[in-house]
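The values are calculated or read from the model by the stated rules, or taken from the named source; none is laboratory data. Note that the coordinates shown come from a computational prediction; the quantities given were computed from them, not determined experimentally. Cβ placement follows ideal geometry from the backbone for every residue including glycine, while neighbour counts extend to all protein chains displayed. For accessibility, only protein heavy atoms count, side chains too; no ligands or nucleic acids. Shrake-Rupley method; radii C 1.70, N 1.55, O 1.52, S 1.80 Å.
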Amino acid sequence: MARQRKNLTINKDKLKKTSVVETTIDATQNQAIVRPLNPVVNYPNLGSSGGNGYNFDFSPYYGNGYDDITNRAFYTAKALLKSTDAFTEETQRAYFKYGFAKFAKYLELFIHSSNEDLTQADITPELIEQYLLHLKGSDLGFTSQKEIYSKLKSMLIRMTEKGYWSAVGDINLNSDFFPKNPFPNSNQRVKGEKQLTSHEKRQVVVALKQAIKPIYQKTEPLTGYELTLCLLAVAIQTGINTSPLLNMTTEALSDHPLKDNRKLLTVFKKRGNATQLHNLRKSEELEVVQGIKLDVAYLIEVIIERNAQVRKSTGTDLVFAYEITGGGRGTKKGTATSLWNDLLKDNIQKFIKEYDLKDEDGRTIKLNVSRLRKTFINGIYELSGESLLIAAQQAKHSGTGTLDHYLQAPEQSKRNLGLMGEIRVKELTSAEPSVPVGHCKDPKNGDRAPKDGSFCNDFLGCFRCKSFVITGDDLYKLYSFYWAIIRNRDEFGRKDWKRHLRNVLRIVDEEVAPAFAKLGQLQRVEAEKERARTNPHPYWQNLDMLKVTQ
């Protein structure tokens, strides 16, 4: 009898791993049982054009005692990517890179002390409060602490919206779960970048002119470094932010409908795809800014022309597209790509080093597009006669309030306010009548005196008066006034304090003290300053003296 042949057919269902299927429908179950086979989330639209995007790898966060929370974060990330109306990929990735990752490290410390694994139910208001204390006790700066906490809070809110944090229940997270305002007055503490000084701006402009001149003579495609130089040149003359510049397309330029010596430049903000239209109001939604000069337009046209073939090979319409010439960072030589943030920063550092850009004190200049933008806006502010409205229009802000983050008092304006203090402090001996902050050459008929026979009592006006004199003997009174200004900020009223008193501190610190230091009186200045702090002059125990003069 013939032997029956063995059935060698393979049942593929027996080989299928259950972990391959990511069961995300029932988000209320313990997510540790559906750990994904590949816990890496790819954000394909981040980074350079033609690249592979950026990843966030959840692998390091598994096996540490909080797998349930890690899985819920992973599935939230995947769900956000599938949402066409969700936040930008950059924002999504930040939730996990800064919010989840930092929180996960704290969870490891928490587990070490509790010896118990954590699940979604362990994310409580008490845990968040303890995490906040942990952040505030760390070496991180105030702004970094706030940013990390904000990203975690946003991630948890998104997790709830996607159904992966059901344990919290149906509550208002902002009012019933998260602490109210854990970082008070944060907007007043964040100063951001400063505009370039006149010395720094002059150096940058001269260096850019030298660097860009050879680019006009080239016929071959521009490199990533050369494109960076071009981007800086456009930024310093338009004040456009980094993201709209990097995402500028070949359709950005168009003819100006009214002026032959201007071109129209249209770029897009990432936030909601709001259009920034430079030079012309087309509708109520678009803001008037400034036209771009023909030399700026010509530079953009040169970039578009030189790298047209590179752009064609990738099918992109980004202006700052180029071909990699050196390779590295997982990219091959000859790969077509485009400028992105990290490369932009590296190339700017290369530019600074190549042209040895230094500030007034001989230190290496800190340069980025944000500083160029602030320099541009402050330049408009000065050229417009310090008009906030014009500066707001040029900065693409609908009102003037948001300009506080950008505007600084122009140097000429500062000199105007402090000029007399700077000059008169050179006179160390004086027999002129004493006033509460110094001496006056003529309190009845002096520069700002009423000239009606009565004595001048405008003490704040002293710093802008040609008759004002500060002697070494006045330092005790002057610094007593200085400390009274600092101590009584809230009582005086913050708005009035900024308007009337803040400049006095600047004049004392930046003009009076240095002038005495040049005369070899620095030790005396420091001694009188400390004396006034601990034992103020009777005039300036508080700011009541100013009220008397009103």
Write out, first by first residue and then by second, each pair whose Cβ atoms fall under 6 Å of each other, whose residues are 6+ apart or on separate chains, and whose first residue, in the range 30-50, is modelled with pLDDT of 80 or more while the second is part of a loop (DSSP other than H, G, I, E, B).
-> Pro36/Glu22; Pro39/Phe58; Asn42/Gly53; Tyr43/Gly53; Pro44/Gly53
Failed item in (1) at pLDDT 90 or above; (2) surrounded by 16 or more Cβ atoms within 10 Å (Cβ to Cβ), with Leu135 passing the rest = (1)
Looking only at the range 442-460, count how many residues are within 20 Å of Ile507 (Cα to Cα) and among the charged types (D, E, K, R).
-> 3
What tally of residues in the range 175-232 results from selecting those that are at pLDDT 85 or above, assigned to a helix (DSSP H, G or I) and open to solvent by 80 Å² or more (accessible area, probe 1.4 Å)?
-> 6
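What number of residues within the range 459-486 satisfy the criterion of being free of Cβ contacts under 8 Å to residues at least 24 places away in the same chain and charged (D, E, K, R)? Walk me through it before giving the result.
Filtering the range 459-486 for residues free of Cβ contacts under 8 Å to residues at least 24 places away in the same chain gives 461, 473, 486.
Checking the rest, the ones that are also charged (D, E, K, R) come to 473.
Residues meeting the conditions: 1.
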Which condition does Lys162 not pass, out of (1) open to solvent by 30 Å² or more (accessible area, probe 1.4 Å); (2) without any contact (Cβ under 8 Å) to a residue 60 or more places away in the chain, if it passes all the others?
-> (2)
Answer yes or no as to whether Gln309 is touching a Pro at 6+ places or on another chain (Cβ under 9 Å), modelled with pLDDT of 80 or more and either in a loop (DSSP other than H, G, I, E, B) or open to solvent by 80 Å² or more (accessible area, probe 1.4 Å) (or both).
-> yes
Check the range 167-174 and report whether any residue there is within 24 Å of Gly99 (Cα to Cα), open to solvent by 50 Å² or more (accessible area, probe 1.4 Å), touching a residue at least 12 places away in the same chain (Cβ under 8 Å) and small (Gly, Ala, Ser).
-> yes
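Residues that are surrounded by fewer than 17 Cβ atoms within 10 Å (Cβ to Cβ) and of a type in the set (A, V, I, L, M): which helices (runs of 4 or more DSSP H) entirely in the range 489-538 hold 2 or more of them? Can you show your working first?
On the way: elements: 489-492, 494-500, 502-507, 513-518, 522-534.
Because the criterion is at least 2 residues that are surrounded by fewer than 17 Cβ atoms within 10 Å (Cβ to Cβ) and of a type in the set (A, V, I, L, M), the helices (runs of 4 or more DSSP H) in the range 489-538 that meet it are 522-534.
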Scanning the range 68-119 residue by residue, the ones that are of a type in the set (Asp, Glu) and in contact with a helix residue (DSSP H, G or I) (Cβ under 8 Å, 6 or more places away or on another chain) total 3
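For the condition among the aliphatic types (A, V, I, L, M), surrounded by fewer than 19 Cβ atoms within 10 Å (Cβ to Cβ) and modelled with pLDDT of 85 or more, what is the one hit in Ala77, Ala73, Ala121, Ala86? It would help to see each step written out before you state the result.
Values: Ala77 fails: surrounded by fewer than 19 Cβ atoms within 10 Å (Cβ to Cβ); Ala73 fails: surrounded by fewer than 19 Cβ atoms within 10 Å (Cβ to Cβ); Ala86 fails: modelled with pLDDT of 85 or more.
Matching residue, one of Ala77, Ala73, Ala121, Ala86: Ala121.
If I ask for residues that are part of a helix (DSSP H, G or I) and open to solvent by 20 Å² or more (accessible area, probe 1.4 Å), which ones from the range 463-476 would you list? If you could, list the steps in order and put the result at the bottom.
Residues of the range 463-476 part of a helix (DSSP H, G or I): 463-464, 472-476.
Those that are part of a helix (DSSP H, G or I) and open to solvent by 20 Å² or more (accessible area, probe 1.4 Å): Arg464, Asp473, Tyr476.
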Give just the number: which of (1) open to solvent by 30 Å² or more (accessible area, probe 1.4 Å); (2) over 30 Å from Thr314 (Cβ atoms); (3) modelled with pLDDT of 75 or more does Tyr62 not satisfy?
-> (1)
Determine the pairs where a residue that is within 16 Å of Asp474 (Cβ to Cβ) and among the aromatic types (Phe, Trp, Tyr), located within the range 518-544, has a partner that is open to solvent by less than 90 Å² (accessible area, probe 1.4 Å) and at pLDDT 85 or above with Cβ atoms under 6 Å apart, the partner being 6 or more residues away or on another chain.
-> Trp540/Ser480; Trp540/Phe481; Trp540/Ala484
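Can you tell which of Gly330, Gly334, Gly315 is modelled with pLDDT of 80 or more and at positive phi? Reasoning before the result, please.
On the way: Gly330 fails: modelled with pLDDT of 80 or more; Gly334 fails: modelled with pLDDT of 80 or more.
Selected residue: Gly315, the only one of Gly330, Gly334, Gly315 that is modelled with pLDDT of 80 or more and at positive phi.
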